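Taken together, the values in this text are just the output of simple stated rules run on the coordinates, not laboratory data. Since the model is a prediction, treat every value here as computed from it, not as a measurement. Virtual Cβ from ideal backbone geometry, glycine too; neighbours counted across all protein chains shown.
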Amino acid sequence: ALNLQDKSIMAINGRRDRQLMSQINVTPFVDVMLVLLIIFMVTAPMMQSGIDVNLPKVTASAVNTKADPLIVTIDSRQRTYLGDKRFTTARLGKKLKAINKLKPGSMVLLKADKKVPYGVVVRVISEIRRSGITQIGMITESRSKKR
């Protein structure tokens, strides 16, 4: 009686009782997956989307968040965005109120251009607070970071 190894050796040697090898070579698959992993790791930090604003520079520690916070942006033309969508200040408050009902305890991070007047920023913060969200953070740039 021939065992399985003997049959595979006979198949390799070219005997008449050839048998198909049912093993899959996974080395090319692993190579391709590693290349894709490296490509995604390199390109992921470059794919930050959002509104481009010139952030003020401060020396403060980072805010620790448990969940993904909502990003509210005020650009240099004083337009307000939630994520990538533009809102008026009143509509922003209504939208945040609806979000807060679905996910209570949400956190909002405010990203405002340094050219935006203080009064505009305070009005947006007031609208955020009026929506029921109490956790508000400011996104700034570190002083040591060069632009």
Built amide H within the under 5 Å cut-off of PHE87, gap 5+: THR80, TYR81, LEU82
Amide H proximity to ILE139 below 5 Å, modelled H, separation 5+ or other chain, gives LEU110, LYS111, ALA112
Sequence-distant residues sharing a close amide H with ILE71 (under 5 Å, placed H): GLY83, LEU109
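What is the calculated FRET efficiency for LEU102 to SER126, with r their C-beta to C-beta distance and R₀ = 25 Å, to the nearest 0.05?
It comes to 0.70.
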Work out the FRET efficiency for LEU34 and ASP68 from their Cβ-Cβ distance, taking R0 = 30 Å, and round it to the nearest 0.05. 0.55
